[in-house]
Amino acid sequence: EPEVTQTPSHQVTQMGQEVILRCVPISNHLYFYWYRQILGQKVEFLVSFYNNEISEKSEIFDDQFSVERPDGSNFTLKIRSTKLEDSAMYFCASSPQGLGATEAFFGQGTRLTVV
Amino acid sequence: QKEVEQDPGPLSVPEGAIVSLNCTYSNSAFQYFMWYRQYSRKGPELLMYTYSSGNKEDGRFTAQVDKSSKYISLFIRDSQPSDSATYLCAIAYNNNDMRFGAGTRLTVKP
């Protein structure tokens with residue numbers, strides 16, 4: 001069964017460093033998302049991406065964050081200068097036709113630890 | 001304000017019980033409703049997706065939506081210990097922005 005895959009599963013980085021989290025969405029899906037979950041808290045929306053551009057972003061997704069679809073299969077989240085409070089699980093999701101028509105499927109997440 | 005409220009529990013039931021999980025939301029613009037199951041430190045796993053008021057059944061799971069009351073429910077029949085997890089409701093108003101509840105932690109005891 002097709003699935004969303006995320007790498008790495010766990011990333012440790014020093015404060016101020018740049019990190020890139022990688023995702024391979026399900027083939028033929030058109031909508032892509034990043035969410036994060038700080039330990040013990042809600043899953044929070046970061047950004048959605050469609051047709052090679054950001055379609056919506058939350059107030060969390062500030063100038064330190066960026067997303068890219070560098071080729072036909074990968075979808076990346078970059079954090080330019082990590083802060084301690086960026087420590088969280090980051091989930092990538094994809095949807096065939098967007099939430100208004102179909103469901104979104106999540107990857108297993110990348111646990112980011114900023115020290 | 002786009003908010004989704006969900007009782008975090010924890011909820012503990014004996015094996016075989018019927019489980020009822022609920023969420024309320026405040027914005028009538030929300031139109032698309034999902035339930036996910038999440039095991040510890042894993043990604044959310046989709047259980048149900050629906051967009052209309054009424055019931056939708058899939059095996060032991062039934063999702064119920066009442067748009068007039070802004071209330072959604074997930075029922076689990078004949079609950080099993082393997083159903084022990086955190087259950088997340090998620091609600092969207094367009095293709096892009098899905099808002100999650102806090103999650104209800106469920107334990108099904110053998």
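Things to note:
- One Cα centroid belongs to the range A:1-45, the other to the range B:1-37; the line between them spans 24 Å.
- Under the shape rule built on the C-alpha gyration tensor, where the axes satisfy a ≥ b ≥ c, the range B:38-110 is oblate, since a/c reaches at least 1.5 while a/b does not exceed b/c.
- Annotation: residue B:91 carries an accessible surface of approximately 0 Å², with a 1.4 Å probe and no ligand, DNA or RNA atoms counted.
- Largest-first ordering by accessible area, 1.4 Å probe, given options B:39, B:25: B:39, B:25
- Accessible area of residue A:32 in the full protein assembly, 1.4 Å probe (Å², nearest 10): 10 Å²
- Using the alpha-carbon positions of the protein assembly as shown, Rg (one decimal) and Dmax (whole number) come out as 17.4, 51 Å.
- Between the range B:73-98 and the range A:47-63, the Cα center-to-center distance that results, in Å: 25 Å
- Accessible area of residue A:56 in the full protein assembly, 1.4 Å probe (Å², nearest 10): 40 Å²
- Take every DSSP beta bridge whose two residues both sit in chain B; close to 90 percent of them are antiparallel.
- Put B:24, A:13 in order of accessible area, highest first, and with a 1.4 Å probe you get B:24, A:13.
- When B and A come together, around 2100 square angstrom of accessible surface is lost from both chains combined, probe 1.4 Å.
- Within a straight-line Cα-Cα reach of under 20 Å, residue A:57 can be paired with the following lysines, leaving aside sequence neighbours fewer than 8 residues apart in one chain: A:42, A:78, A:83, B:2.
The values are calculated or read from the model by the stated rules, or taken from the named source; none is laboratory data. Note that the coordinates shown come from a computational prediction; the quantities given were computed from them, not determined experimentally. Please note that ligands, DNA and RNA were not included when accessible areas were found on the heavy atoms of the full protein model with its side chains. Shrake-Rupley method; radii C 1.70, N 1.55, O 1.52, S 1.80 Å.
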